[in-house]
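> The structure that follows is given in the form of structure tokens.
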Amino acid sequence: MASEKKFLVATLFEYETQKVIAISSYKIGLIYRSIQLLIVTYVVGWVMLREKGYQSFDHVVSGVTTKLKGLEYTNYSNIPSIGDRIWDVADWAIPPQMNSAFFVTTNVVITKNQTHSTCEEDKDNKWHASCKSDADCEKGHVHLLGWGVRTGRCINSTREPNLTVCEIYGWCPTEQDKLPLGKDE
């Protein structure tokens, strides 16, 4: 135990220096100064004067992430698709999606009363959501362009008559791509 303590104290309070030796040799001195002169000539002559390295620039690659706090209340009672609404950080904050770009939220798609439940797949996804029978809706299948996990049932669409679509489990009702205030607002 005592030897370990001595080693620790010796290691903590130890200081090392390099030994400097002056060599009096014309040949070694000439080689040393010639190498220094070559390096300085390269930096000044080639990098600075010829290539103008001091003027070079690089393109900036960046991303901006905003940090928001608090809530916002909007009252659009005259527009039934929006109504009164509380907006929080999850509604406003969007992560950067491209380098060297800045994103500002100017419009939003609102789907009221969404919950985790079963509902019809989006009718706009006809090529992958339409079905003729339950056999067309493979249970547990998640389509790349779909809105949820298929339940295995083929049901009538409530959004478009004469159309049957696969039932899904996910955020229901599925999003309808209608801008709440229109295109120009």
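> Which of the residues belonging to the range 151-162 are touching a Lys or Arg at 6+ places or on another chain (Cβ under 6 Å), over 14 Å from Thr111 (Cβ atoms) and not small (Gly, Ala, Ser)? Working first, answer last.
So the first thing to find is which residues in the range 151-162 are touching a Lys or Arg at 6+ places or on another chain (Cβ under 6 Å), and the list is 152, 157, 159-160.
Next, only the ones that are over 14 Å from Thr111 (Cβ atoms) stay: 152, 157, 160.
Listed by number, the list holds a single entry, Glu160.
> So, one more: With under 35 Å from the mean Cα position of the chain (by Cα) and at pLDDT 70 or above as the only criterion, which of Thr41, Thr111 stands out? So that I can check it myself, show each step before the final result.
Working: Thr41 fails: under 35 Å from the mean Cα position of the chain (by Cα).
Criteria check complete, one pass: Thr111.
> State whether the residues of the range 30-45 include one that is of a type in the set (Lys, Arg), part of a loop (DSSP other than H, G, I, E, B) and out of contact with any Leu (no Cβ under 7 Å at 6 or more places or on another chain).
Going residue by residue through the range 30-45, those that are of a type in the set (Lys, Arg) are 33.
This time we only want the ones that are part of a loop (DSSP other than H, G, I, E, B), so: none.
No, the range 30-45 contains no residue that is of a type in the set (Lys, Arg), part of a loop (DSSP other than H, G, I, E, B) and out of contact with any Leu (no Cβ under 7 Å at 6 or more places or on another chain).
> State all residues of the range 6-20 that are surrounded by fewer than 10 Cβ atoms within 10 Å (Cβ to Cβ), of a type outside the set (Gly, Ala, Ser) and under 51 Å from the mean Cα position of the chain (by Cα); if no residue qualifies, say none.
Passing the criteria: Thr11, Leu12, Phe13, Glu14, Tyr15, Glu16, Thr17, Gln18.
> Would you mind finding the one in Gly148, Gly140 that is in the same structural domain as Glu175 (by TED's automatic domain parsing), among the small types (Gly, Ala, Ser), surrounded by 15 or more Cβ atoms within 10 Å (Cβ to Cβ) and modelled with pLDDT of 80 or more?
Numbers: Gly140 fails: surrounded by 15 or more Cβ atoms within 10 Å (Cβ to Cβ).
The match here is Gly148.
> In this structure, is Val89 modelled with pLDDT of 80 or more, over 14 Å from Glu175 (Cβ atoms), of a type in the set (A, V, I, L, M) and touching a Gly at 6+ places or on another chain (Cβ under 9 Å)? Lay out the reasoning, then the answer.
On the way: modelled with pLDDT of 80 or more: no; over 14 Å from Glu175 (Cβ atoms): yes; of a type in the set (A, V, I, L, M): yes; touching a Gly at 6+ places or on another chain (Cβ under 9 Å): yes.
In short, no.
> Hey, another quick one. Give the residue that is nearest to the chain's Cα centre (by Cα), with candidates limited to residues of the range 114-149 that are touching a residue at least 24 places away in the same chain (Cβ under 8 Å) and assigned to a strand (DSSP E or B).
Among those residues, the one meeting the criterion is Gly148.
The values are calculated or read from the model by the stated rules, or taken from the named source; none is laboratory data. If you're wondering where the values come from, they're calculated on a predicted model, not measured in any experiment. Neighbour counts run over all protein chains shown; Cβ positions are idealised from the backbone, glycine included.
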